[in-house]
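Undergrad: My questions all concern the structure below.
Just so you know, all these numbers are worked out from the coordinates, no wet-lab data involved. Note that the structure is predicted; figures quoted are calculated from it, not measured. Cβ atoms come from the backbone with ideal geometry, glycine included; neighbour counts cover every protein chain shown.
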Amino acid sequence: MVKFHCVLLISLSLWLGCSVETSSPEIDGQAIAVRFIHTTDIHSRLFPYRMEPPYTDETLGLLSKNAPFGGVARIAFIIKQARRQAYRSLYLDSGDIFQGAPVFNVFHGEPEIKALSLMGLDAMAAGNHDFDLGEPNLATWIRKYATFPVLAANYIFAPGQGTTEPPLADLVNDYVIFNLKGLRVLVIGLGNTSTMTTLFEAGNKLGITVLDAPETVQNIIDSLKPQVDVIVVLSHLGLTEDQELIKNTTGIDIVFGGHHHVVLNPPKVVMDCQIAEMSPTWKERFLVAHKDCSPRPVPLVHSGAFAKYVGILDVVFKQKEKGSNDWEVASYKYEPKPVDSTVPEDSLVKEMLEPYMDKLRQKVMVELILAYAPTQVSRFGSRRGDSQLGNLVATAMRRRQGVETDFALTNTLGIRTDIFPGPVTIDDMYNVFPFENTITVMYLSGSEVVQLFDYVARRSAQRGCNAQAQVDGVRARLQCGGCDVAQRPKEWQEREETRANPDDIGCALSIEVGGNPVRLDAQYNVAVNDYIANGGSGFTVLKRNTTKIDTKIPQRDALMDFIRQGKPCGAQGGALKPCTTDEDCSEGYLCACKGRVFLDKLSGDCALKEACDGGGVCVLEKCKSGVAQILKEQCIESKQCECDMEEVALLQCSSVACLDENLGAKEDGRLELILGSSLTK
């Protein structure tokens, strides 16, 4: 029987922690094996989903032939199997379980918490997207359904205001201590800090005070080390911040991280106690108690995102000296297990989720097909600048009825995924835009337009000179890694509000709106999303604007409506080629007409009639195959149903939009990013 004990520890500060007790056999002098099971950044991918694995995923064993991917019922199967094979184990998650699929938009996180509890999660770090619907939303589901502690030692939550429900201050712990059959494991949780200014969608501000992560962790270690054997940090700080944490502390044995959606295979080894790299202020405080510390190697584990992997870390711990509690990592082996169709589903988790999927289909029609994409439509540009999907999104925003502005701009990272080859469904649109962001229109002066693109250039320079905005109705040349002010219009440099300096990390060199150079005293009507309109991602030039009007038109709806206007694949001059047989069509196309698909009673398979007697139109064969695969999922051991769905797919491909360059899904150089001297060295 496992028991939770929540206690307050008082030392340099006040911390809230928990302990989990099990039986305690004698372990002194033994080599102790522990299996750590790790997930992170699940982002509401509770159900299997389609995607085209990129090269990095393929190298880790996530193969196209094993689609669909993800799904927590599959993760639960892997976890239960892994735990059966280990005498001591812990299942840890690094946060961001919310936001990223339609199930969160409809149910706001309830099934995510219930699923993780049913999966036997031992502890979770709080992720930034877990707060996307505000602190009360997260508190509600933790209080109702969480059987595991949620950890964030570097957050101080504001106390509840006039409510009988416990606020997060009473629900989120700093750490938890597990007694794994005699081995005492301290797990300290850390929330993200780099996005604390943008931890909310518009209107969901959080009353969180952020503490310095290294100092917080070191203080807890120093106070609790006599009571524990092994120290683990469960983090949502991010890859760079995790490495800095290790360098600026001593005593951590393993760090399990998240936030950046990467897999570290093998785990990255970082040396702790890097006194020479510490800030002067922290070094002075650190050396008071740790002047004799010697650097030790600390494994840093990241296990991907979107329910694609379950990380398995098998560790052997040994004592430095018999009779002491000074244990260290002697050896370890890591494996990221792909979550794909070869993995069975855990029946208990699958059964728990079925009512949510049924309601989801009724409310959102997640499998409704909007379009067909012959090739991948990328959210990132191949030449650092504008991208296929970014141009499509910005065009859809600007041209939307009720918007119709001079130009549109949206943040690149607000577009959360590519559109992959195959049928494009409502579910895919929620994956592209999981947030409920709406289109805001406002007027900007020409000077403010220059300031806006100067900021985009600086922000892009901080991210490898990759465009951090996508636009329509405007063309701009941006420089990263410096600013050649001689290339900027003279009038920009003559005004204080638009003047740039050569040592700036980035700036705009030219801007055209509607084909004409921007005029500083002119007024321009611009469409943006409400997130950056309210200052998200540092867009302060938009935040301070007083002409903002929220149209209440969701970005997602604008994109879907724009896509629906597209012509089907193969349309020439707006119409598909007429046909009687497949021979009348180009290679890769079929002649589509009503009544062409039938069930061949001799073979028992679906077949096509030789000709469309009343005439038909040529449709893309891959479109028919992809759409049929989705539609046939509703057929339960009925071949006739499958044949009916094949005909529906054949006909649907004669009208469904083709998401290709003809619709605007192409790069055209509207945003050009130029490397400056500091980035070309």
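Undergrad: Taking the Kirkwood radius as the inverse of the mean 1/r across Cα pairs, report the Rg/Rh of the range 233-279.
TA: 0.95
Undergrad: Write out the trypsin sites (Lys or Arg not before Pro) in the range 551-639 meeting two conditions: DSSP loop, and at most 13 other Cβ atoms within 10 Å of their Cβ.
TA: Counting only loop positions with at most 13 other Cβ atoms within 10 Å, the trypsin sites (Lys or Arg not before Pro) in the range 551-639 are LYS594, LYS601, LYS609.
Undergrad: Quick one: Debye curve from the alpha-carbon atoms of the range 404-499 only, equal weights, vacuum; give me log10 I(q)/I(0) at q = 0.10, 0.13, 0.16, 0.25 Å⁻¹ to two decimals.
TA: -0.37, -0.59, -0.83, -1.39
Undergrad: Please quote Rg/Rh for the range 441-570 to two decimal places, taking the Kirkwood radius as Rh and restricting both calculations to Cα atoms.
TA: 1.01
Undergrad: Could you let me know the centre-to-centre spacing of the range 610-657 and the range 509-549, using Cα atoms, in angstrom?
TA: 46
Undergrad: Which far-off residues, 5 or more places away or on another chain, put their amide H under 5 Å from the one on VAL270, with H placed in the peptide plane?
TA: Counting only residues 5 or more places away or on other chains, the set is VAL298, LEU300.
Undergrad: Expected output is a single nm value to one decimal: the length gained when fully extending between LYS601 and GLU491, i.e. 0.36 nm times separation in residues minus the C-alpha distance. What is it?
TA: Contour length minus the Cα-Cα distance gives 31.7 nm.
Undergrad: Could you work out how much longer the chain between GLU328 and ASP521 gets when fully extended? Use 0.36 nm per residue separation minus the Cα distance between them, nm to one decimal.
TA: Extra length available between GLU328 and ASP521 comes to 62.9 nm.
Undergrad: For the range 377-459, list log₁₀ I(q)/I(0) at each q in 0.13, 0.15 Å⁻¹, using the Debye formula over Cα point scatterers of equal strength and ignoring solvent, two decimals each.
TA: -0.48, -0.64
Undergrad: On to the next question. With a cap of 14 neighbouring Cβ atoms within 10 Å, and only residues DSSP puts in a loop, list the GluC sites (Glu not before Pro) found in the range 597-650.
TA: GLU610, GLU637
Undergrad: Distances over 13 Å make up what percent of all Cα-Cα pairs in the range 42-84?
TA: Numbers: 540 of 903 pairs.
Summing the P(r) tail past 13 Å for the range 42-84 gives 60 percent.
Undergrad: As an exercise, use a Förster radius of 60 Å and the Cβ-Cβ distance of THR551 and GLU321 to find the FRET efficiency, rounded to the nearest 0.05. Working shown, then result.
TA: Working: r = 68 Å, r/R0 = 1.13.
For THR551 and GLU321, the calculated efficiency is 0.30.
Undergrad: Taking the chain as the reference, fit the longest principal axis to its C-alpha atoms, fit the long axis of helix 72-84 to the helix C-alpha atoms, and give the angle between the two in degrees, 0 to 90, nearest 10.
TA: 30
Undergrad: Run through the range 401-465 and list the trypsin sites (Lys or Arg not before Pro) located in a DSSP loop whose Cβ has at most 14 other Cβ atoms within 10 Å.
TA: Details: sites: ARG416, ARG458, ARG459, ARG463; in loops: ARG416, ARG463.
For trypsin sites (Lys or Arg not before Pro) across the range 401-465 that sit outside H, G, I, E and B with at most 14 neighbouring Cβ atoms in 10 Å, the list reads ARG463.
Undergrad: Take the Cα radius of gyration of the chain and divide it by 2.2 N^0.38 Å, with N its residue count; two decimals is plenty.
TA: Values: Rg = 27.7 Å, N = 681, 2.2 N^0.38 = 26.2 Å.
For the chain, the normalised Cα radius of gyration is 1.06.
Undergrad: For the range 232-250 and the range 115-149, what is the separation of their C-alpha centers, rounded to whole Å?
TA: 22
Undergrad: Now for a different question. Let me spell out the model: positive unit charges on the Cβ of Lys and Arg, negative unit charges on the Cβ of Asp and Glu, origin at the Cα centre of the range 3-357. What dipole size does that give, in debye rounded to 20?
TA: Taking the Cα centre of the range 3-357 as origin, the dipole is about 740 debye.
Undergrad: What's the lysine pair count for the range 240-355 at a Cα cut-off below 26 Å, pairs eight or more apart or interchain?
TA: For the range 240-355, the number of qualifying lysine pairs is 24.
Undergrad: Now for a separate question. Need one number: % antiparallel among DSSP beta bridges in the chain, to the nearest 5.
TA: Antiparallel bridges: around 70 percent, rounded to the nearest 5.
Undergrad: A follow-up question, please. Across the range 137-154, in residue order, what do the Karplus-derived ³J(HN,Hα) couplings come to in whole Hz, using 6.51 cos²θ - 1.76 cosθ + 1.60 with θ = phi - 60° and x for Gly and Pro?
TA: 5, 4, 4, 4, 6, 4, 4, 7, 10, 6, 9, 10, x, 9, 10, 6, 5, 8
Undergrad: In bins 20 Å wide, starting from 0, what share of all Cα pairs of the range 3-357 does each bin hold, as a percent?
TA: With 20 Å bins starting at 0, P(r) equals 31, 59, 9.
Undergrad: At a 10 angstrom cut-off on C-beta neighbours, averaged per residue, how do the peptides 169-177, 664-672, 246-254 rank from highest to lowest?
TA: Result, highest mean Cβ count within 10 Å first: 246-254, 169-177, 664-672.
Undergrad: Let me ask something else about it. In whole Hz and in residue order, list the ³J(HN,Hα) couplings for the range 333-348 that follow from phi through the Karplus curve 6.51 cos²θ - 1.76 cosθ + 1.60, θ = phi - 60°; x for Gly and Pro.
TA: Once θ is set to phi - 60°, the couplings for the range 333-348 become 9, 10, 9, x, 8, x, 9, 9, 5, 7, 9, x, 9, 5, 5, 5 Hz.
Undergrad: Quick check on the chain: helices-only [θ] at 222 nm, where DSSP H runs of length 4 and up contribute -39,500 (n - 2.57) each and the sum goes over total residues. Nearest 500, please.
TA: Result for the chain, helices only: -7500 deg cm²/dmol.
Undergrad: Over all distinct Cα pairs, what is the inverse of the mean 1/r for the range 578-655, reported as the Kirkwood hydrodynamic radius in Å?
TA: Mean inverse Cα-Cα distance, inverted, gives 12.5 Å.
Undergrad: From the phi of every residue in the range 616-632, what ³J(HN,Hα) in whole Hz does the Karplus formula 6.51 cos²θ - 1.76 cosθ + 1.60 yield, where θ is phi - 60° and glycine or proline is x?
TA: Karplus values, whole Hz, x for Gly and Pro: x, 10, 7, 10, 5, 4, 5, 5, 4, 5, x, 5, 4, 4, 6, 5, 6.
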